[in-house]
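See structure below.
Every number here is computed from the coordinates shown, using simple stated rules; none is lab data. Since the model is a prediction, treat every value here as computed from it, not as a measurement. Note that each Cβ is placed from the backbone with ideal geometry, even for glycine, and that neighbours are counted across all protein chains shown.
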Amino acid sequence: MTGATGQDGSYLVERLLAEGVVVHGTVRPGDEVPVGVGWTPHAVDLADRDGLRALVLRLAPDEVYNLGGISSVARSWAEPEATAELSGLAPLALLDAALAVQDASGRAVRVVQASSAEIFGHPDRVPQDESTPVAPRNPYGAAKAFAHHLAAVYRERGLHVASCVLFNHESPRRPETFVTRKITRGAARIARGLDDRLVLGNLAARRDWGWAPDYVDAMVRAARHDGAGDWVVATGRAHAVEDFVRAAFARAGIDDWERYVHVDTGLLRPGDAPELVGDPGRAERELGWTRTHDFEALVGAMVDHDLAVAGGAA
Ligand code: GDP
């Protein structure tokens, strides 16, 4: 697993360890290496494709989950080449190494690529599904699109590759670089009197936000499914950033959120998709995938966590 210490990686590690799976994960060199966690960390940079390849060849895994890379659209504009390297070329190295292991061992290797709704750019159809044209509008989406196409290329070569087109998926483990966590932490701190304002960018953007552990479950189902393919993983419901703000503040006990929320035009992004919403029908029908959290439950879980972190009166 790459990205084992990220949001999705941490949930996936827990899930696989509970199943008794032996887990190896990459950790960025220089980052703190987790110890005594039940899985084996390997300090390999995703930009070190020779190192990545050697690791896969040595471990000869049954399943490869590629969750690593630059996960933020905003950061991909600041570091477009690093984005291409970590989210485009690293997946290629993994696919190629997985095929080499499969060819050498005669044993099937299954690969899951964590793809993204950003591969669709500004889609002209709502909701998006597996047949929506891939037409990214930012470096992050372009790197993910490259990896998504390669997943199909290696599938054609006989490798079981699932490309899971994940729409936004959130949890209390999200860092504040994502708008959901920024909002829930901000609302909780304002409710507790620790802050008096929250500065955001585009409040009109509409996104399809789901519960991260559900998306990890979809990736495991995709890995274990008989057929390999593309899977849109989404809730099918879009909400505006402003809807998320209203729901989060209400959960924290604040009805007049407008008093606290300010818009900084410097936080607006070039090429920000107005609306991304996915149709999870195929994953539901073929993978038997269901969601445990709707929008209200997601907002509730994140705000309650941040209220507990902020402390003070319940
Ligand atoms: P992304 O879709 O993976 O980039 O997830 P984000 O949570 O970073 O962004 C989701 C949407 O929220 C995008 O349309 C952003 O433009 C919008 N947004 C509005 N204000 C903010 C903000 O302050 N921070 C972030 N990260 N996004 C914001």
Return Glu63, Glu284 ranked ascending by Cβ neighbour count within 10 Å, so the fewest neighbours appear first. Glu284, Glu63
Relative contact order of the chain, please, whole-number percent, based on alpha carbon pairs below 8 angstrom and at least 6 residues apart. 17 percent
If you restrict to DSSP beta bridges whose two residues both lie in the chain, what percentage is antiparallel, to the nearest 5? 5 percent
To test your reading of the geometry: what angle, between 0 and 90 degrees and rounded to tens, separates the Cα axis of helix 90-105 from the longest principal axis of the chain? 30 degrees
Taking Cα centroids, how far is the range 7-62 from the range 88-103 in Å? 16 Å
Exposure proxy check on Thr26, Thr5: fewest-to-most Cβ neighbours within 10 Å is Thr5, Thr26
Within the set of other residues whose C-beta is less than 11 Å from the C-beta of Ala145, count the net charge using Lys and Arg as +1 and Asp and Glu as -1. +1
Most fluctuating of Val44, Val73, Val33 in the GNM of the chain (C-alpha, under 10 Å) is Val33
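Using a ≥ b ≥ c from the Cα gyration tensor of the range 107-165 (square roots of the eigenvalues), is it rounded, prolate or oblate, where a/c under 1.5 gives rounded and otherwise the larger of a/b and b/c decides, a/b for prolate? Please report the intermediate quantities before stating the final value.
Details: a/c = 2.63, a/b = 1.99, b/c = 1.32.
In terms of gyration-tensor shape, prolate.
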Intensity falloff of the chain expressed as log10 I(q)/I(0), Debye formula with alpha-carbon point scatterers, at q = 0.12, 0.14, 0.16 Å⁻¹: -0.81, -1.09, -1.38
Below 8 Å, C-alpha to C-alpha, sequence gap of six or more: please give me the relative contact order for the range 1-138 in percent. 20 percent
Hydrodynamic radius of the range 122-220 per Kirkwood, over alpha carbon pairs, in Å: 16.3 Å
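Would you kindly state how much longer the chain becomes between His122 and His262 on full extension, computed as 0.36 nm times their sequence separation minus their alpha carbon distance, in nm to one decimal? Walk me through the numbers before you get to the answer.
Working: separation 140, 0.36 × 140 = 50.40 nm, distance 2.60 nm.
Taking 0.36 nm per residue and subtracting the Cα distance, the gain is 47.8 nm.
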What is the range 165-314's relative contact order, in percent, from Cα pairs under 8 angstrom and six or more apart in sequence? 39 percent
Cα gyration tensor shape of the range 257-314, rounded if a/c is under 1.5, else prolate or oblate by comparing a/b with b/c: oblate
What value, in deg cm²/dmol to 500, does the helix sum -39500 (n - 2.57) over DSSP H runs of n ≥ 4 give at 222 nm once divided by the residues of the chain? -12500 deg cm²/dmol
